[in-house]
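Heads up: the structure comes next, in structure tokens.
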Amino acid sequence: MFTSSDNNKALFLGIDGGGSKCKAIVMNEKNEVLGTGIAGPGNPLHGFEQATTSIVASAKLALTDAGLTNVSLNELVAGVGLAGVNLPVQFEKMQAWQHPFKQMFLAHDLLIACLGAHHNNNGAVIISGTGSCGFSCIDEQEVLIGGHGFPQGDKGSGAWFGLQATKQVLLSLDGIVAPSSMNDILLKQLDCTNTTSIVEAIAGKKATFYAQLANLVFDAAEQGDLVALDIVTEGAEYINNLARTLLIKQPARISMLGGLTPRLKSWLNEDIQAQLSEPLSPPEVGSVLYARSQLAKQKTKQKTKQEQSA
């Protein structure tokens with residue numbers, strides 16, 4: 001278990017940057033948590049300047065939380081895990097950033113989530129938050145399933161559940177399908193009275209908006225609403241199949257992460273639930289573990305080079 005202590009001088013920064021927020025953690029060489037911080041969005045795909053600003057802001061907040069106000073960012077070895085950098089263009093752009101840290105090791109968010117969950121390179125994760133996907137890293141061989149984005153992908157995610165609810169309510173208000181208990185709840189939540197006002201309210205909205213509607217689907221399903229039950233069953237079966245596909249590679253551990261996990265996990269098949277392990281640490285800790293592993297590799301290469309030139 002990680003505990004707070006500042007008795008070790010070597011400091012590591014772990015960043016988990018997503019579409020809605022950027023989390024930072026400061027740890028020492030003993031893997032003890034010293035402080036944490038949260039700032040704005042950290043996905044460079046949605047804005048490079050915003051992402052870099054959030055990274056720096058969350059890092060400063062983590063240092064303040066640790067009581068390390070006398071420590072500068074250029075004293076930190078940073079592991080930076082970001083959504084969006086799985087795209088080569090975004091990775092290159094972030095890699096070229098004139099960052100303020102002592103060193104920066106960049107990785108995509110799924111890798112650091114997997115490292116945090118399992119503390120090694122032999123595991124898999126199912127992500128079900130605003131978006132959804134499956135990822136495994138076994139002996140440094142990475143496999144990604146899904147993660148195609150909303151609305152064309154991300155089935156079984158918060159955004160997907162919210163969108164399905166909206167579609168069904170619109171159909172029922174048009175008299176095409178039977179009404180659901182979700183009708184009145186959605187109308188109240190959106191402050192709407194009819195289909196026209198709903199369409200006006202949702203026009204141009206992003207995945208995060210629809211994800212905020214996901215809980216009403218689960219609430220209705222748990223009360224026996226047949227329309228909501230169909231939606232939850234369909235979404236859960238997609239996650240079941242995603243898990244089965246990941247398990248073909250026989251990862252040592254598999255975990256489920258994301259804000260929707262507490263609601264969705266109990267709807268999965270029992271055989272899938274039985275194979276899920278609780279994450280050992282959050283993704284930002286995975287970023288620190290990644291930075292430490294890359295730093296060790298870097299030192300090994302330098303030592304080898306020095307021995308060869310001696």
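The numbers here are math on the coordinates, done by the rules we state, and not lab data. Worth saying up front: this structure is predicted, and the values here are computed from it rather than measured. Positions of Cβ are backbone-derived with ideal geometry, glycine not excepted, and every protein chain shown enters the neighbour counts.
Calculate, for Phe48 and Val199, the FRET efficiency according to 1/(1 + (r/R0)^6) with r their C-beta to C-beta distance and R0 35 Å; round to the nearest 0.05.
Approximately 0.60, to the nearest 0.05.
Give the dimensionless ratio obtained when the Cα radius of gyration of the range 224-263 is divided by 2.2 N^0.38 Å. Present the calculation step by step, with values, prior to reporting the outcome.
On the way: Rg = 12.7 Å, N = 40, 2.2 N^0.38 = 8.9 Å.
Here the answer is 1.42, to two decimals.
Could you name the aspartates and glutamates in cross-link range of Lys60, using Cα to Cα under 13 Å and dropping any fewer than eight places away on the same chain?
Those aspartates and glutamates meeting the cut-off are Glu75.
Using Cα pairs closer than 8 Å and at least 6 residues apart in sequence, work out the relative contact order for the chain, in percent. The partial results should precede the final answer.
On the way: 627 pairs, mean separation 58.9, N = 310.
Contact order relative to length: 19 percent.
So how tilted is helix 283-309 from the main axis of the chain? Cα-based, degrees 0 to 90, rounded to 10.
30 degrees
Could you pull out the chymotrypsin sites (Phe, Trp or Tyr not before Pro) across the range 111-205 that fall in loop regions by DSSP (anything but H, G, I, E, B) with no more than 15 other Cβ atoms inside 10 Å? All intermediate terms of the calculation are to be shown ahead of the outcome.
On the way: sites: Phe135, Trp160, Phe161; in loops: none.
Taking the range 111-205 and a limit of 15 other Cβ atoms within 10 Å, no loop chymotrypsin sites (Phe, Trp or Tyr not before Pro) are found.
Sorted from fewest to most neighbouring beta carbons within 10 Å, what does the list Phe48, Phe12 look like?
Ordered from fewest to most neighbouring Cβ atoms within 10 Å, Phe48, Phe12 come out as Phe48, Phe12.
Among the aspartates and glutamates, which fall within straight-line cross-link reach of Lys23, defined as a Cα-Cα distance under 14 Å, with same-chain neighbours fewer than 8 residues apart omitted?
The qualifying aspartates and glutamates are Asp65, Asp109, Glu284.
Against the longest alpha carbon principal axis of the chain, how many degrees, from 0 to 90 and to the nearest 10, is the axis of helix 48-65 turned?
Its long axis makes an angle of about 70 degrees.
Using just the helices of the chain, give the 222 nm mean residue ellipticity in deg cm²/dmol: DSSP H runs with n ≥ 4 each add -39,500 (n - 2.57), and the total is spread over all residues, rounded to 500. Before the final figure, lay out each step's value.
Details: 12 runs with 142 residues, N = 310.
After summing the helix terms and dividing by the residues of the chain, the value is -14000 deg cm²/dmol.
Which Cα, out of Gly259, Gly235, Leu289, lies furthest along the positive dipole direction of the range 189-299 (beta carbon charges, K/R +1, D/E -1)?
Working it through, the farthest residue towards the positive pole turns out to be Leu289.
Which loop trypsin sites (Lys or Arg not before Pro) in the range 241-276, with loop taken from DSSP, have no more than 15 other Cβ atoms within 10 angstrom of their Cβ? Mind dumping the intermediate values first?
Numbers: sites: Arg244, Lys249, Arg253, Arg263, Lys265; in loops: Lys249, Arg253.
Answer by residue number: Lys249.
When the dipole is taken about the Cα centre of the chain, and only Lys, Arg (+1) and Asp, Glu (-1) are charged at their Cβ, what size is it in debye, to the nearest 20? Intermediate values should be presented prior to the final figure.
Working: 23 positive and 28 negative charges, 237 e Å.
Approximately 1140 debye in magnitude.
Quick one: 3J(HN,Hα) in Hz for the range 200-208, Karplus 6.51/-1.76/1.60 with θ = phi - 60°, rounded, Gly and Pro as x.
For the range 200-208, the Karplus curve yields 5, 5, 9, 4, x, 6, 8, 4, 4 Hz.
Let me understand the chain better: what is its radius of gyration from the alpha carbons, and its Dmax, in angstrom?
Calculated on Cα positions, Rg and Dmax stand at 21.6, 82 Å.
If you fit an axis through the alpha-carbon atoms of helix 158-173 and take the longest principal axis of the Cα set of the chain, what angle between them do you get, 0 to 90°, nearest 10?
10 degrees
May I ask you to list the lysines whose Cα is less than 22 Å away from that of Lys205, ignoring any residue fewer than eight positions away on the same chain?
Partners within reach: Lys21, Lys155, Lys167, Lys188.
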